[in-house]
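The block underneath contains the structure these notes are about, expressed in structure tokens.
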Amino acid sequence: MTTSSVYAQRRAQLVQHLGAKGIALIPTAPEQQRNRDCDFPYRPDSYFYYLCGFTEPHAWLVITGDGRSTLFCQPKDPQREIWDGYRLGPEAAPTQLGLDAAFSVADLDAKLPALLDGCDAVWIPFAIHKGLETRLETWLASLRARVRYGALCPQTQRDLCGVLDEMRLVKDPHEQAILRSAGKISAAAHIRAMQCCAQMLRTGQEVREYHLEAEMLHEFRRHGAQFPAYGSIVAAGANACVLHYRADRGRVQNGELVLIDAACELDGYASDITRTFPANGQFTGAQRTLYELVLAAQTAAVAATRPGARFTDPHEAAVSVLAQGMLDVGLLDKNKVGSLQDVIEQRAYFPFYMHRTGHWMGMDVHDCGDYTEPSEIGQVSQRQDALTGDTIKDRPARILRPGMVLTIEPGIYVRPAYGVPEAFHNIGIRIEDDAIVTPTGCELITRDVPVAVDEIEALMRG
Ligand code: GLY
Ligand code: MN
Ligand code: MN
């Protein structure tokens, strides 16, 4: 299957939802100013890219219920191309991208009212693109001004995100192949950073968090990945207890753990890996105790990741192992918090494990897709949260199906506190892998970097 037929197939699938007289308008992302005349590196909008694979800015895709796809893109401009680089241009776009027609983006205002004429519903991604609704209103107003000449205005606006989110939630073979490649590159980067860390310490060099970040980024780019998929977290020692810590200039000390949550984006698809390892390549007793506990939680969560299970099952499996472990190692005092069941019901584990065990992953690292099962959306129950007292609405969680992709990322974070064994103070551990749900279970696509204690120690000796 050629790449352009992959996109054509997705557009054809979308057309099924639009209705014969529907029209979908999908702008790509705007360029973002970083400061003065410098922009952030450009990345196209995920929905737009998903439907046509075009990476230039200032472009719109229009798909109509009759199955036609029209691109509006930057016109060829030899002067601008000297400064900003090659533009595909509307003449070459239809053949190159497998579309029906293409025009200059400068023609949008002139052409859109005519394209909207006679349509009954306009589909746009709601609340994603600032100014899109205003732009659409202008086109609708200019169409309405022509009703006495026979123009027919669409009567409804529909959110495109719902339909596209459902499509994107199940990854097709083309997407799965890219995700596997992204996972491999990111895994290689983790190995590189681990080995570099131990090697630098062995040779008496000072190691800073940014040294390890640099190793990661080098490896991403060396293999053709365009970006990090999200801001890299490289957290030495106590910094690992800050969930959204960024790679900074913290000193990586002999005897401490390092938590790296960093991964690349390849051809529009994210990966998301966390590894926690001893800076010098050798776990201490206390580090190993907590590490083995998080790993056991992850193993339980992986086993719970299979078709037919609920999205929440891996989380519940991980929480059960972590909570029991917290009682066993003395992070939680049985005399105060009671049994395992009490710990889970009262969320007594929360001071040490305060995030969920995973999220959808795909083009966006926290990818789109409902976490509620659509066929059971009407089944709502209410409860009071044990910790906050807030009223929470529960709906049945999404049922996992082959092709869905999610992360599995339990952790433990121990801030110094009265009653918490000192040996565990300032230890932060997370182990995160990316899983594709298969017909029988799940495939971990990021395990080229190991998680077992002895394997990590062995690779850091090398
Ligand atoms: N790196 C973001 C996350 O793990 O969710
Ligand atoms: Mn994650
Ligand atoms: Mn992560």
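The values are calculated or read from the model by the stated rules, or taken from the named source; none is laboratory data. Worth saying up front: this structure is predicted, and the values here are computed from it rather than measured. Neighbour counts are summed over all protein chains in view; Cβ atoms, including those assigned to glycine, are modelled from backbone coordinates with ideal geometry. When the accessible area is computed, the model is the full protein with side chains, heavy atoms only, and any ligands, DNA or RNA have been set aside. Shrake-Rupley method; radii C 1.70, N 1.55, O 1.52, S 1.80 Å.
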Practice item. Would you work out which of G162, F350, A309 lies farthest towards the positive end of the dipole of the chain, given +1 charges on the beta-carbon of Lys and Arg and -1 on that of Asp and Glu, about the Cα centre? Key: G162
Practice item. Output ³J(HN,Hα) for region 184-197: one whole-Hz value per residue in order, computed from phi by the Karplus curve 6.51 cos²θ - 1.76 cosθ + 1.60 with θ = phi - 60°, and x for Gly and Pro. Key: 5, 4, 5, 5, 4, 5, 5, 4, 4, 5, 4, 5, 5, 4
Exercise for review: Measure out, as a whole number of angstrom, how far apart the alpha-carbon centroids of region 22-45 and region 71-109 sit.
Suggested key: 16 Å
Check your understanding: Once fully extended, how much extra length lies between Y42 and T156, figured as 0.36 nm per residue of separation less the alpha-carbon to alpha-carbon distance?
Key -> 37.8 nm
Study note, to complete from the structure: Taking R0 as 60 Å and r as the Cβ-Cβ distance between K334 and F126, the FRET efficiency 1/(1 + (r/R0)^6), rounded to the nearest 0.05, comes to 0.75
**Study point:** Burial ranking of peptide ranges 114-126, 33-45 (average Cβ count within 10 Å, highest at the top)
**Key:** 114-126, 33-45
Exercise for review: Pick out, from M363, G428, Q382, the residue whose Cα sits farthest towards the positive end of the charge dipole of region 356-457, with +1 on the Cβ of Lys and Arg and -1 on the Cβ of Asp and Glu.
Suggested key: Q382
Check your understanding: What pairs in K76/K171; K21/K393; K76/K130 have C-alpha atoms more than 28 Å from each other?
Key -> K76/K171; K21/K393
Check your understanding: Farthest toward the dipole's positive end in the chain, which of S271, A286, Q79, given Cβ charges of +1 (Lys, Arg) and -1 (Asp, Glu) about the Cα centre?
Key -> Q79
Point to revise | Inter-label distance, nm, simple model (7 Å from Cα along the C-beta direction), H218/R249 | key: 2.1 nm
**Study point:** Expected 222 nm ellipticity per residue - DSSP helices of 4 or more, -39500 (n - 2.57), all of the chain, to 500
**Key:** -11500 deg cm²/dmol
Review point. Counting only protein chains, not ligands or nucleic acids, how are H366, H17, H129, H190 ordered by accessible area (probe 1.4 Å), most first?
Key: H366, H17, H129, H190
Study note, to complete from the structure: Residue by residue through region 265-270, the couplings from Karplus 6.51 cos²θ - 1.76 cosθ + 1.60 with θ = phi - 60°, in Hz, x for Gly and Pro, are 10, 10, 6, x, 10, 8
Exercise for review: Please report, in debye to the nearest 20, how large the charge dipole of region 96-198 is about its Cα centre when each Lys and Arg carries +1 at its beta carbon and each Asp and Glu carries -1 there.
Suggested key: 320 debye
Check your understanding: Can you pull the accessible area of S4 for me, 1.4 Å probe, Å² to the nearest 10?
Key -> 40 Å²
Review point. When the dipole is taken about the Cα centre of region 244-362, and only Lys, Arg (+1) and Asp, Glu (-1) are charged at their Cβ, what size is it in debye, to the nearest 20?
Key: 180 debye
Review point. Can you give the accessible area of K334, probe radius 1.4 Å, in Å² rounded to 10?
Key: 120 Å²
Study note, to complete from the structure: Zone reached by a paramagnetic label modelled 7 Å from E376 Cα along Cα→Cβ, restricted to region 386-422 with backbone N below 18 Å, covers 392-402, 404
Point to revise | Loop sites in region 240-327: trypsin sites (Lys or Arg not before Pro), DSSP, at most 12 other Cβ within 10 Å | key: R249
**Study point:** region 313-441 - Rg (one decimal) and Dmax (whole number), Cα, Å
**Key:** 16.7, 48
Exercise for review: Rank these residues by their accessible area, most exposed first, probe 1.4 Å: F72, F103.
Suggested key: F103, F72
Point to revise | Additional length obtainable on full extension of the chain from Q13 to E81, 0.36 nm per residue less Cα span | key: 21.0 nm
Check your understanding: How large is the dipole of the chain about the Cα centre if only Lys and Arg carry +1 and Asp and Glu carry -1, each at its Cβ, rounded to the nearest 20 debye?
Key -> 340 debye
Review point. If you take the beta carbon distance between N35 and T138 as r and set R0 to 30 Å, what does 1/(1 + (r/R0)^6) give as a FRET efficiency, to the nearest 0.05?
Key: 0.45
Revision key, fill the gap. Per the rule of 0.36 nm per residue minus the C-alpha distance, extending V6 to K393 adds in nm 135.5 nm
